[in-house]
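Below: the structure, in structure tokens.
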Amino acid sequence: MNAVKYLRKNAKSLGIDPEKIGIIGFSAGANLASMVAMTKKFDDGGYPGVSSHVKVLVDAYGNVNLFEHRDYQKIFGKSRKQDPEIYKRYSPFFYVHNKAPPALIIHSNRDPVVSVDQSKKFH
């Protein structure tokens, strides 16, 4: 989120339109990009008063619902069974709202890692 805020705050010197900032991510990066697009919940307060809003999201085969994916005990320190809420907390799927930016979702039914059903449900 701070990267978006940095771009917006420095838009003039960077020669960009601060109202045309989008975000794109692939695989795990799509999870992060989708979190930025769907929620401000994790905004750490850097660049106070500067919006982290993006105009568009491109999600390429993202793992947007960690709750329905494999267990991430090594990352979270707990299994999904031990702490299901942490898996939901870091899943952009649970933050979709009616004012979310438009999204281009790209996925394949041949993805061996993340089920295309994640993208279908996210849509």
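The values are calculated or read from the model by the stated rules, or taken from the named source; none is laboratory data. All values reported here derive from a predicted model rather than from experimental measurement. Using ideal geometry, Cβ is built from the backbone for each residue, glycine included, and neighbour counts are taken over all protein chains shown. Accessible surface is based on the protein model in full, side chains and every heavy atom, while ligands, DNA and RNA are left aside. Shrake-Rupley method; radii C 1.70, N 1.55, O 1.52, S 1.80 Å.
Things worth noting here:
- Any hit, segment 53-66, residues being in a loop (DSSP other than H, G, I, E, B) and at positive phi: yes
- Residues satisfying the stated conditions in segment 7-51, i.e. open to solvent by less than 30 Å² (accessible area, probe 1.4 Å), within 26 Å of residue 107 (Cα to Cα) and in a loop (DSSP other than H, G, I, E, B): 21, 39
- Residue match in segment 92-100 (condition: touching an Asp or Glu at 6+ places or on another chain (Cβ under 9 Å), open to solvent by 30 Å² or more (accessible area, probe 1.4 Å) and over 19 Å from residue 36 (Cβ atoms)): no
- Flag for residue 54 being more than 16 Å from residue 121 (Cβ to Cβ) and crowded, with 16+ Cβ neighbours inside 10 Å: yes
- Whenever a residue of segment 13-33 is over 27 Å from residue 88 (Cα atoms) and modelled with pLDDT under 95, it has no partner that is open to solvent by less than 100 Å² (accessible area, probe 1.4 Å) and part of a helix (DSSP H, G or I) lying with C-beta atoms less than 8 angstrom away and at least six residues away or across chains.
- Residue pairs whose Cβ atoms lie under 8 Å apart, sitting 6 or more positions apart in sequence or on different chains, and linking a residue in segment 74-96 that is small (Gly, Ala, Ser) to a partner that is surrounded by 15 or more Cβ atoms within 10 Å (Cβ to Cβ), are 91/31; 91/64; 91/65; 91/66; 91/67.
- Positions within segment 7-48 being among the aliphatic types (A, V, I, L, M) and under 25 Å from residue 119 (Cβ atoms), in sequence order: 21, 23, 24, 28, 30, 32, 33, 35, 36, 37, 38
- For first residues located in segment 101-123 and without any contact (Cβ under 8 Å) to a residue 12 or more places away in the chain, partners that are in a helix (DSSP H, G or I) and lie 6+ apart or on another chain with Cβ distances below 6 Å form the pairs 109/116.
- Residue 71 satisfies every condition listed in (1) modelled with pLDDT under 90; (2) open to solvent by less than 40 Å² (accessible area, probe 1.4 Å) except (2).
- Residue list for segment 72-123, filter: in a helix (DSSP H, G or I), of a type in the set (A, V, I, L, M) and touching a helix residue (DSSP H, G or I) at 6+ places or on another chain (Cβ under 8 Å): 86
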